Amino acid sequence: MEGYYGRFGGAFVPQPLKDEMDKIAAAYEQLKQNPDYIKELNHIRATYQGRPTPVTYACNLSEKIGGAKIYLKREDLNHTGAHKLNHCMAECMIAKHLGKKKVIAETGAGQHGVALATAAAYLKLECDIYMGEVDIEKETPNVSRMRLLGANVIPVSAGQKTLKEAVDAAFEVYLQDPENTMYCIGSVVGPHPFPTMLRDFQSVIGTEAREQMLAQTGRLPHHAVACVGGGSNSIGLFSAFLDDNVQLYGVEPMGKGTKLGQNAATLTYGSEGVMHGFNSIMLKDENGEPAPVYSVASGLDYAGVGPEHAYLHETGRVNYVSVLDDECINAFFTLSRTDGIIPALESAHAVAYAMKLAREVDPADTILVNLSGRGDKDMDFVIREYGYLA
Ligand SMILES: *Cc1c(COP(=O)(O)O)cnc(C)c1O
């Protein structure tokens, strides 16, 4: 069925919102076959975002480990420093096509807000970003970035004043005026068509990396690794290899440990349920509501996961594994020092798992890691908490 991956996915939203989702789905079906749209998207990617991003052989890290060879897909070099602009730009193009004046979204740590504000500025759309007051206090540089880019950052003071309340506030406003606005979701989650659309927008990562690995090594990678928050950067990478003999690993954050609330390892510990408009696997509290989650990487602390990942987990095509905060921090320092690349804490989860894998598999193997973003945003926090050691 449309919008389903096995029994996961769908669009569990009130009827007015369902009508709006259907309009977006129809527009997307049309646009993805429209040569002018494809041409414009490719032009923006090449001349504005800086795509294709390179694949780098992490020679010093590989040598230090002394096992399989580790390659990095450099989404940290995409404009704004992460993969998120890939889908924000395409979402804003759809908004324009639908005649919308404004895009809206919520943001937690501010990464999605910054990417959306960037795309909105470039495509001349108004941009309203809802953000909890507690997050606004914590994430000053991203708040400044969004405001510099011309977005309105709207403080949300309800409840715990964080991401959950920001989602509710943004949805409420969207329901009031779906005619003129488009809600831009920040990962492969939410009601259909968002998980499918965002997967397609992020598939550029896998398509490019596949060609680049063939060119650089003469064959496909033996293993491909990416971190999983909602699941957009990982599905973007995996989508190019699903039909190949490539081992795929989605890395979830194990945070401080295995107890509920200490991690955000959704596929490791979660169960089936509907949240945020779609059916998938989620971490639940005792009332069946989305549980509080935690990771040192704020981009990974989501209680759910995209429906396609729930499906790939169930079929066993992708191995879902996990990495602790401490292992992530270790990888953050290691890659910075060995190869001169400071990874985002989210991406450092993938690097940490690749470092383990490199020791276990055949040393002749190659491991492709999606380096989803750069770590400048995390630098001050890491140095404050951990100093320069590790
Ligand atoms: C947001 C973010 C993630 C997590 O989101 P996914 O949808 O799982 O990709 C990972 N890495 C970086 C750098 C991010 O900003």
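The values are calculated or read from the model by the stated rules, or taken from the named source; none is laboratory data. All figures in this text were calculated on a predicted structure; none of them were measured in a lab. Don't worry about glycine lacking a Cβ; one is built from the backbone with ideal geometry, like all the others, and counts go over all protein chains shown.
Numbers below:
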{"quantity": "Odd one out for LEU163, checked against (1) over 21 Å from GLY3 (Cα atoms); (2) outside the structural domain of VAL361 (by TED's automatic domain parsing); (3) more than 14 Å from the ligand (Cβ to nearest atom); (4) not polar (S, T, N, Q)", "calculated": "(3)"}
{"quantity": "Matching residues in region 116-131 - criterion: being under 18 Å from the mean Cα position of the chain (by Cα) and either touching a residue at least 60 places away in the same chain (Cβ under 8 Å) or not assigned by TED's automatic domain parsing to the domain that holds LYS23 (or both)", "calculated": "LEU116"}
{"quantity": "Check on THR207, in a helix (DSSP H, G or I) and more than 16 Å from the ligand (Cβ to nearest atom)", "calculated": "yes"}
{"quantity": "From ALA310, ALA303, ALA358, residue being over 18 Å from ILE65 (Cβ atoms) and either surrounded by fewer than 22 Cβ atoms within 10 Å (Cβ to Cβ) or touching a Gly at 6+ places or on another chain (Cβ under 7 Å) (or both)", "calculated": "ALA303"}
{"quantity": "Filter pass, LEU345 being without any contact (Cβ under 8 Å) to a residue 60 or more places away in the chain and buried (at least 16 other Cβ atoms within 10 Å of the Cβ)", "calculated": "yes"}
{"quantity": "Every residue from region 374-390 that is of a type in the set (D, E, K, R) and either buried (at least 16 other Cβ atoms within 10 Å of the Cβ) or farther than 28 Å from THR53 by Cα (or both)", "calculated": "ARG374, LYS377, ASP378, ARG384, GLU385"}
{"quantity": "Residue match in region 3-17 (condition: touching a Pro at 6+ places or on another chain (Cβ under 9 Å), more than 16 Å from the ligand (Cβ to nearest atom), in a helix (DSSP H, G or I) and not assigned by TED's automatic domain parsing to the domain that holds MET213)", "calculated": "yes"}
{"quantity": "Unmet criterion (only one of (1) more than 19 Å from SER347 (Cα to Cα); (2) away from the ligand (no atom under 16 Å from the Cβ)) for GLN247", "calculated": "(1)"}
{"quantity": "Filter result for LEU371 (crowded, with 21+ Cβ neighbours inside 10 Å, touching a Ser or Thr at 6+ places or on another chain (Cβ under 7 Å) and either under 23 Å from ASP244 (Cα atoms) or small (Gly, Ala, Ser) (or both))", "calculated": "yes"}
{"quantity": "Residue within region 151-160 that is within 29 Å of GLN33 (Cα to Cα), surrounded by fewer than 23 Cβ atoms within 10 Å (Cβ to Cβ) and without any contact (Cβ under 8 Å) to a residue 24 or more places away in the chain present", "calculated": "no"}
{"quantity": "Hits in region 213-244 - residues which are within 16 Å of the ligand (Cβ to nearest atom) and not in a loop (DSSP other than H, G, I, E, B)", "calculated": "ALA224, VAL225, ALA226, CYS227, SER232, ASN233, SER234, ILE235, GLY236, LEU237, PHE238"}
{"quantity": "Criterion: within 25 Å of ALA26 (Cα to Cα), away from the ligand (no atom under 14 Å from the Cβ) and modelled with pLDDT of 95 or more - qualifying residue of HIS87, HIS112, HIS97", "calculated": "HIS97"}
{"quantity": "Strands (runs of 3 or more DSSP E) fully within region 27-138 counting 1 or more residues that are closer than 19 Å to ILE341 by Cβ", "calculated": "55-57, 69-74"}
{"quantity": "Test result for SER372, touching a residue at least 12 places away in the same chain (Cβ under 8 Å), in contact with a His (Cβ under 8 Å, 6 or more places away or on another chain), within 21 Å of SER295 (Cβ to Cβ) and within 15 Å of the ligand (Cβ to nearest atom)", "calculated": "yes"}
{"quantity": "Check on LEU242, modelled with pLDDT of 95 or more and either buried (at least 20 other Cβ atoms within 10 Å of the Cβ) or outside the structural domain of GLU63 (by TED's automatic domain parsing) (or both)", "calculated": "no"}
{"quantity": "Selection from region 313-342 of residues that are surrounded by fewer than 19 Cβ atoms within 10 Å (Cβ to Cβ) and either farther than 18 Å from LYS64 by Cα or touching a strand residue (DSSP E or B) at 6+ places or on another chain (Cβ under 6 Å) (or both)", "calculated": "GLU314, THR315, GLY316, ARG317, ASN319, ASP326"}
{"quantity": "Odd one out for ALA169 among (1) within 20 Å of VAL114 (Cα to Cα); (2) in contact with a helix residue (DSSP H, G or I) (Cβ under 6 Å, 6 or more places away or on another chain)", "calculated": "(2)"}
{"quantity": "Of the criteria (1) part of a loop (DSSP other than H, G, I, E, B); (2) under 17 Å from HIS83 (Cβ atoms); (3) free of Cβ contacts under 8 Å to residues at least 60 places away in the same chain, which one GLY261 fails", "calculated": "(2)"}
{"quantity": "Filter result for the condition that a residue is of a type outside the set (S, T, N, Q), farther than 13 Å from PHE8 by Cβ and in a helix (DSSP H, G or I), over LEU357, LEU267, LEU312", "calculated": "LEU357"}
{"quantity": "Some residue of region 147-156 being in a helix (DSSP H, G or I) and modelled with pLDDT of 95 or more", "calculated": "yes"}
